[in-house]
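Engineer: Handing you a structure now.
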Amino acid sequence: MSFLPLIISLLAMCAAGYWYGSKKALSSHSFAGQQNAGRPHLYGLYVVIWGVIPPAILLILWGVFSYSSIDVSGGIAGKIDKVVFPSLITVAAILGLTLAVRQISPNLRARKTVEAAVYCVLILASTLSVFTTIGIVLSLLIETIQFFEKVPYQEFFFSLNWSPQMALREDQVGSSGAFGAIPLFTGTLLITLIAMIVAVPLGLMSGIYMTEYASKNFRATVKPILEILAGIPTVVYGFFAALTVGVFFRDVGTFIGLDVVSESALAAGVVMGMMIIPFISSLSDDIIMAVPQSLRDASYGLGATKSETVINVIIPAALPGIVGAILLAVSRAIGETMIVVMAAGFAANLTANPLESVTTVTVQIVGLLVGDQEFDSAKTLAAFALALTLFAITLCLNVIALLVVRKYREKYD
Amino acid sequence: MTDIQNQTNKAGWPTNGANKILAKRHRTERNFRRLGLTAILIAMALLATLLVSIVGKGYSAFIQTTITLDINFEQEILDPKDTRSPETLKAASYGSVIRNALRTEFPEVKSRIELRRLFGLISKGAVQELRNAVLANPKLIGTTRAFELTASDDVDMFIKGYISRDVVEQDRRIKNNEIVWIDRLQNQNAIQTRFNTRFFTGGDSREPEVAGILGAMVGSLYTLFITFIISFPIGVMSAIYLEEFAPKNKLTDVIEVNINNLAAVPSIVFGLLGVALFLNVAHLPRSAPLVGGLTLALMTLPTIIIAARASIRAVPGSIRNAALGLGASKQQAVFHHVLPLSLPGILTGTIIGLSQALGETAPLLMIGMVAFIVDIPGGVTDPATVLPVQIFLWADSPERAFVEKTSGAIMVLLSFLVFMNAAAVLLRKKFEQRW
Amino acid sequence: MEPIISAKNVSVYYGKKQALKGVNLDIPENQITALIGPSGCGKSTFLRCLNRMNDTIEGCRVEGDIIVDGKDIYDPQIDEVYLRARVGMVFQKPNPFPKSIYDNVAYAPRIHGLARNKDELDNMVLASLEKAGLLAEVQDRLHEIGTSLSGGQQQRLCIARALAAQPDIILMDEPCSALDPIATAKVEELIEELRASYTIIIVTHSMQQAARISQQTAFFHLGEIVEVGKTEQVFTSPQDSRTQGYITGRFG
């Protein structure tokens, strides 16, 4: 592929253009005494811009061309692809550079052009995140629509049976597998619920203790330690859940005479909750901090103890923010992948028993897409449908949570 | 009215504990306080359990058992034609040399089944060790030397005490006769434990005793490199635009809300985006750090933008005004003054973003970085895996010895993360400015 | 007459910084004592010592004795929770809880367990609102949120809330500084009425306010009491040149 040498030669040309442009601006006698002309390096940059923009446009065209003409007759397209575009790009760069160098004169407002170009680049950069979102939505949506052409959405959203394995022969009856996602949703909910039962009380109480009781030194030491929990990669939690916690719960279950599978929802949920503790504690910490000191003073001034102040004044005042934080945490738990992939099961059980094994949306996405895959089969497309559902749910939770938290912040700002 | 007036506490001061209501309230207060402290202690205990369990399982991954055998580098086997050409030496059957050495050591072992067990004491990777030694020094051929060979994973586990002698034989990976051999070797001081350099210099392998993390580390490095060169400039530029130049309009609002939401999108969704965009549309190579890096860059971008914006916002307006007052253009004010001043904060945010990317697994599973790859990747388009995915793969392997390798790899990953976060904290401490 | 509060050689430190330097002050019962002085002079700090509100600030240390009703309130035997019920406090900015008007006033009786049943609690709330002169205005909307009231009403709600704890002494930290003149007048009127049943100590920025409502005035400067005496005396014939300078507006 002639791509990399091309880029390098373009860069070299631009560097030369920069050097030459700066030099010309510096040496030109007529520049002496000019006030608005700007510094020589601006002229260098000006030249570079002219050396970059035309080839960049051609590069984009090239990309579109080579993508769209894949199916067209290979010979000519290949030739255009390999020869015409690289040479066109080189020519464009040289033309742009020479023209720009010739333009350099005291009358040229190089700074304005350079700044306009920089401004455009800045805007482009900041719209990338929007394009990322559009990309996510489009890519998920296209595949999902294809999926629903093969599998009716009623089955996906309301049926209780999930077994995406295809039959071996095409003509076999029921060759499309079963795609009822309800067991996945309930499994996700069950694990999320367990995680929240662990994380919300622990996180909230830690947050309260940190803001209302802890001394400065205590905060300074303990807060970073708790934050380590948030920095541990999820794959590590997954390993911990599968090898330590899962086995521990199974052994405890055997000891007290309960039948606990080692891939129990309980183990995955507890470890996920553990991961979320610092998330809730630092969010609620911020939110409780934002409750104005005057309310605390009012309560203490009336002779309330700290706990009475927390329960009767601070928590009610901070409630919207806390709810927002919990929603964010829920969205995080729903989208968490590695812990459940490693510690929860793959079989879709419709159960509310935390001691049994359940599967989740993310586990199934991984299961359907990892390994050998053929595109356009209902099996792989199902992963995209699941992902779109996941994306939609977490997006809703996040939007609601951000709105609630923003409202709350406005109230006390 | 009057009766309320009469109720005021003119009666004097109750001493502590005398007043029942007060005593009860203070008890509640103490309990509540204890509850908070308990929550923190539980969280810390969970963290400690996790770390202890990882270190407890993983420290032995850095130790490797070796068996010293008298190896007879027979000319007949290794280089019958006496060419000493590298091709011959590479292709020679070092396995026979090892088997012969074992036969000599244990002449009483005769049956096929027993012999197979006997040969199983030495790792399959030992062949490679002999080959390298001979290639480095062809003069070895024809001599007999005591040579340290890597033991098989079962022997390794047995020596490290993970396989107990007390278990009944049929449930035990090391059988009785093997124990006899190992004991004999031990009595001859032929079994040693060494620091496991191969763990840090080798690629992945099906044999736990020779599996290493170098391939995954290099893969992680390439991936992070791509992530950095994409997400850092774009993130900084977005932040500059949004903080310094963006007009207050709908588009800006959309971008802002969008960035906040993107930061909370599950990472696996980014993986699917990577599949759809970089693999299916752009036809970039599967399993390559290039694709992984691009995917992670999109994921890290919001983190960097949010941190960079906060850092830029913290630079006081007076600095901008000073520059503008001297006749600098808005862009000059930003690029000459605001950006350099906010750079430490931006870098801190970037390091934190990258450390998240370093620990990320799920999106990389999606784009196929889960393949079993023995070679160390040589570039960003070579198939590769990364540390967290390596951990995931090893965690899935049934061999007992992979448990310690997994934990060992986790320890390495965690120490990288600690290092990065410590760097971020130091950077912040060093350049922290109170305006 | 025996003073109800007597501060002896009180010093306060915030970390290493000394905010009060050996202050002595006697406060007579059922009178209004005004604490005046330039900002940062320690008058609010002193006020916050009287119900141990300074305990809630990390790194704050109080030395010396403060005797309230015959007891040293910094004695470890003393319960600061009980103390604050007896020595109520009203703050600079109206700070009603984001709850209903009723719940705001009922807060103290509830936490202190003052009412035996719902009727008693109702009575207490109504009586406190009545005493704060707010009952007529809020009678029909007791269950609306407290922050929906106007600024002056909010401040009187805060006073009613403090009264419901059934204190003997009320501390007021610039209670009118966030209010408009009409609301200020109402609150001042209320403070004067309350004097009959309560001892009131008020920190104020406004010398006119101090002159209008107080019987005793103490002038603080740089963490010390420069002058204390009957209000007319302090304002008409100050003994100390710094007091003179402050009340004539030469600094402050």
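The values are calculated or read from the model by the stated rules, or taken from the named source; none is laboratory data. This structure is a prediction, so every number in the text was calculated from the model and none was measured. Counting neighbours? That spans all protein chains shown, and the Cβs are built from the backbone with ideal geometry, glycine included. Remember, those area values only see protein heavy atoms, side chains included, never the ligands or the DNA or RNA. Shrake-Rupley method; radii C 1.70, N 1.55, O 1.52, S 1.80 Å.
Engineer: Any idea how many residues of the range B:119-136 are within 16 Å of B:T65 (Cβ to Cβ) and either open to solvent by less than 20 Å² (accessible area, probe 1.4 Å) or not in a helix (DSSP H, G or I) (or both)?
Structural biologist: Of the residues in the range B:119-136, the ones within 16 Å of B:T65 (Cβ to Cβ) are B:120-126, B:129.
The next check asks that each one be either open to solvent by less than 20 Å² (accessible area, probe 1.4 Å) or not in a helix (DSSP H, G or I) (or both); those that pass are B:120-126.
Number of matching residues: 7.
Engineer: Looking at this structure, is C:E174 touching a residue at least 24 places away in the same chain (Cβ under 8 Å) and farther than 25 Å from C:E80 by Cα? Talk me through it step by step, then tell me what you get.
Structural biologist: Working: touching a residue at least 24 places away in the same chain (Cβ under 8 Å): yes; farther than 25 Å from C:E80 by Cα: no.
For C:E174, the condition - touching a residue at least 24 places away in the same chain (Cβ under 8 Å) and farther than 25 Å from C:E80 by Cα - is not met.
Engineer: State whether one or more residues within the range B:191-201 are touching a residue at least 60 places away in the same chain (Cβ under 8 Å) and closer than 30 Å to B:P340 by Cα.
Structural biologist: No.
Engineer: With (1) touching a residue at least 12 places away in the same chain (Cβ under 8 Å); (2) closer than 27 Å to A:V114 by Cα as the list, and B:I351 as the residue in question, which single condition is left unmet?
Structural biologist: Tallying (1) touching a residue at least 12 places away in the same chain (Cβ under 8 Å); (2) closer than 27 Å to A:V114 by Cα, B:I351 fails exactly one: (2).
Engineer: So in the range B:155-174, with the set limited to residues that are surrounded by 15 or more Cβ atoms within 10 Å (Cβ to Cβ) and free of Cβ contacts under 8 Å to residues at least 60 places away in the same chain, which one is farthest from B:R112 (Cα to Cα)?
Structural biologist: Taking the range B:155-174 first, the residues surrounded by 15 or more Cβ atoms within 10 Å (Cβ to Cβ) are B:155-160, B:162-163, B:172-174.
Subsequent filtering for residues that are free of Cβ contacts under 8 Å to residues at least 60 places away in the same chain retains B:158, B:172, B:174.
Details: B:F158: 23, B:R172: 20, B:I174: 17 Å.
My answer is B:F158.
Engineer: Now, a different point. List, please: which pairs have Cβ atoms under 6 Å, are six or more places apart or on different chains, and start with a residue in the range C:141-152 that is open to solvent by less than 40 Å² (accessible area, probe 1.4 Å) and end with one that is in a helix (DSSP H, G or I) and of a type in the set (V, I, T)?
Structural biologist: C:L142/C:I101; C:G146/C:I101
Engineer: Follow-up question, since we're still on this one. Please give the number of the condition B:V334 fails out of (1) within 11 Å of another protein chain (Cβ to nearest Cβ); (2) under 27 Å from A:G335 (Cβ atoms).
Structural biologist: (2)
Engineer: What number of residues within the range B:184-209 satisfy the criterion of being open to solvent by less than 20 Å² (accessible area, probe 1.4 Å) and under 16 Å from B:D375 (Cβ atoms)? Before you say what the answer is, go through the steps one by one.
Structural biologist: The initial filter retains those residues of the range B:184-209 that are open to solvent by less than 20 Å² (accessible area, probe 1.4 Å), namely B:185, B:190, B:196, B:199, B:202-204, B:208-209.
In the following step, the residues that additionally are under 16 Å from B:D375 (Cβ atoms) were identified as B:202-204.
Residues flagged as open to solvent by less than 20 Å² (accessible area, probe 1.4 Å) and under 16 Å from B:D375 (Cβ atoms) within the range B:184-209 amount to 3.
Engineer: Pairs please, first residue from the range B:96-125 and in the same structural domain as B:E76 (by TED's automatic domain parsing), second anywhere and among the basic types (K, R) and in a loop (DSSP other than H, G, I, E, B), Cβ atoms under 8 Å, 6+ apart in sequence or on different chains.
Structural biologist: Correct list of pairs: B:R117/B:K175.
Engineer: Right, here's the next one. Scan the range B:262-300 for residues that are open to solvent by 40 Å² or more (accessible area, probe 1.4 Å), touching a Gly at 6+ places or on another chain (Cβ under 8 Å) and more than 8 Å from chain A (Cβ to nearest Cβ) and jot them down.
Structural biologist: Hit for the range B:262-300 is B:R286, nothing else.
Engineer: Same structure again: Output the residue which, of all residues in the range B:301-324 that are open to solvent by less than 10 Å² (accessible area, probe 1.4 Å), among the β-branched types (V, I, T) and within 14 Å of chain A (Cβ to nearest Cβ), is farthest from A:L124 (Cα to Cα).
Structural biologist: The selected residue is B:I312.
Engineer: Can you find a residue in the range A:211-218 that is modelled with pLDDT under 95, more than 30 Å from C:C60 (Cα to Cα) and more than 8 Å from chain B (Cβ to nearest Cβ)? Lay out the reasoning, then the answer.
Structural biologist: Here is the first cut: in the range A:211-218, the ones modelled with pLDDT under 95 are A:211-218.
From what's left, more than 30 Å from C:C60 (Cα to Cα): none.
No, the range A:211-218 contains no residue that is modelled with pLDDT under 95, more than 30 Å from C:C60 (Cα to Cα) and more than 8 Å from chain B (Cβ to nearest Cβ).
Engineer: Next question, about the same structure. Quickly run through the range C:47-89 and pick out the residues that are without any contact (Cβ under 8 Å) to a residue 12 or more places away in the chain and charged (D, E, K, R).
Structural biologist: If we filter the range C:47-89 for residues that are without any contact (Cβ under 8 Å) to a residue 12 or more places away in the chain, which is where we start, we get C:56, C:58, C:70-72, C:75-79, C:81-82.
If the condition is that a residue be without any contact (Cβ under 8 Å) to a residue 12 or more places away in the chain and charged (D, E, K, R), then C:E58, C:K71, C:D72, C:D75, C:D79 are the ones that fit.
Engineer: If you take the residues of the range B:221-241 that are out of contact with any Leu (no Cβ under 9 Å at 6 or more places or on another chain) and within 26 Å of B:P340 (Cβ to Cβ), which of them is least open to solvent (accessible area, probe 1.4 Å)?
Structural biologist: Of the range B:221-241, the ones out of contact with any Leu (no Cβ under 9 Å at 6 or more places or on another chain) are B:221, B:225, B:229, B:233, B:239.
The next check asks that each one be within 26 Å of B:P340 (Cβ to Cβ); those that pass are B:225, B:229, B:233, B:239.
Values: B:F225: 113, B:I229: 78, B:P233: 53, B:A239: 0 Å².
Ranking the candidates gives B:A239 first.
Engineer: Tell me, please, whether a residue that is more than 14 Å from chain B (Cβ to nearest Cβ) and either of a type in the set (A, V, I, L, M) or touching a strand residue (DSSP E or B) at 6+ places or on another chain (Cβ under 7 Å) (or both) can be found in the range C:110-131.
Structural biologist: Keep residues of the range C:110-131 that are more than 14 Å from chain B (Cβ to nearest Cβ), which gives C:117-118.
Add one more test, that the residue is either of a type in the set (A, V, I, L, M) or touching a strand residue (DSSP E or B) at 6+ places or on another chain (Cβ under 7 Å) (or both), and what stays is none.
Looking through the range C:110-131, none of the residues is more than 14 Å from chain B (Cβ to nearest Cβ) and either of a type in the set (A, V, I, L, M) or touching a strand residue (DSSP E or B) at 6+ places or on another chain (Cβ under 7 Å) (or both).
Engineer: Could you list all residues from the range C:81-102 that are more than 8 Å from chain A (Cβ to nearest Cβ) and out of contact with any strand residue (DSSP E or B) (no Cβ under 9 Å at 6 or more places or on another chain)?
Structural biologist: Within the range C:81-102, C:P94, C:Y102 qualify.
Engineer: Of A:A318, A:A304, which residue is in the same structural domain as A:G335 (by TED's automatic domain parsing) and either within 26 Å of A:A333 (Cα to Cα) or surrounded by fewer than 22 Cβ atoms within 10 Å (Cβ to Cβ) (or both)? Please lay out each step first, then the result.
Structural biologist: Numbers: A:A304 fails: either within 26 Å of A:A333 (Cα to Cα) or surrounded by fewer than 22 Cβ atoms within 10 Å (Cβ to Cβ) (or both).
Matching residue, one of A:A318, A:A304: A:A318.
Engineer: Would you kindly identify the helices (runs of 4 or more DSSP H) lying entirely within the range B:349-435 that contain at least 1 residues that are at the interface with chain A (Cβ under 9 Å from one of its Cβ atoms), over 24 Å from B:K57 (Cβ atoms) and of a type outside the set (K, R)?
Structural biologist: Numbers: elements: B:362-366, B:387-396, B:401-431.
By residue number, B:362-366, B:401-431.
Engineer: Take the residues of the range B:77-105 that are open to solvent by 50 Å² or more (accessible area, probe 1.4 Å) and acidic (D, E): which is farthest from B:L149 (Cα to Cα)?
Structural biologist: B:D82
Engineer: Looking at the range B:259-280, can you tell me whether even one residue there is modelled with pLDDT under 90 and farther than 30 Å from B:V370 by Cβ?
Structural biologist: yes
Engineer: Of the residues A:D251, A:D297, which is acidic (D, E) and within 13 Å of another protein chain (Cβ to nearest Cβ)? If you could, list the steps in order and put the result at the bottom.
Structural biologist: Details: A:D251 fails: within 13 Å of another protein chain (Cβ to nearest Cβ).
After applying the criteria, what remains is A:D297.
Engineer: Let me ask another. With over 27 Å from A:S307 (Cβ atoms) and crowded, with 23+ Cβ neighbours inside 10 Å as the only criterion, which of C:I67, C:I36, C:I27, C:I101 stands out? Break it down into steps so the answer makes sense when it comes.
Structural biologist: On the way: C:I67 fails: crowded, with 23+ Cβ neighbours inside 10 Å; C:I27 fails: crowded, with 23+ Cβ neighbours inside 10 Å; C:I101 fails: over 27 Å from A:S307 (Cβ atoms).
The match here is C:I36.
Engineer: Identify the single condition in (1) in contact (Cβ under 8 Å) with a residue 60 or more places away in the chain; (2) outside any helix (DSSP H, G or I); (3) not β-branched (V, I, T) that B:E243 does not satisfy, given that it satisfies every other one.
Structural biologist: Only one criterion in (1) in contact (Cβ under 8 Å) with a residue 60 or more places away in the chain; (2) outside any helix (DSSP H, G or I); (3) not β-branched (V, I, T) is unmet by B:E243, namely (2).
Engineer: Only residues that are at pLDDT 80 or above and open to solvent by 40 Å² or more (accessible area, probe 1.4 Å): list them for the range A:100-117, please.
Structural biologist: Our first condition is that a residue be at pLDDT 80 or above; within the range A:100-117, this holds for A:112-117.
Within the range A:100-117, A:K112, A:T113, A:A116 qualify.
Engineer: Are any residues in the range A:247-264 open to solvent by less than 100 Å² (accessible area, probe 1.4 Å) and not polar (S, T, N, Q), and if so, which ones?
Structural biologist: A:V247, A:F249, A:R250, A:D251, A:V252, A:G253, A:G257, A:L258, A:V260, A:V261, A:E263
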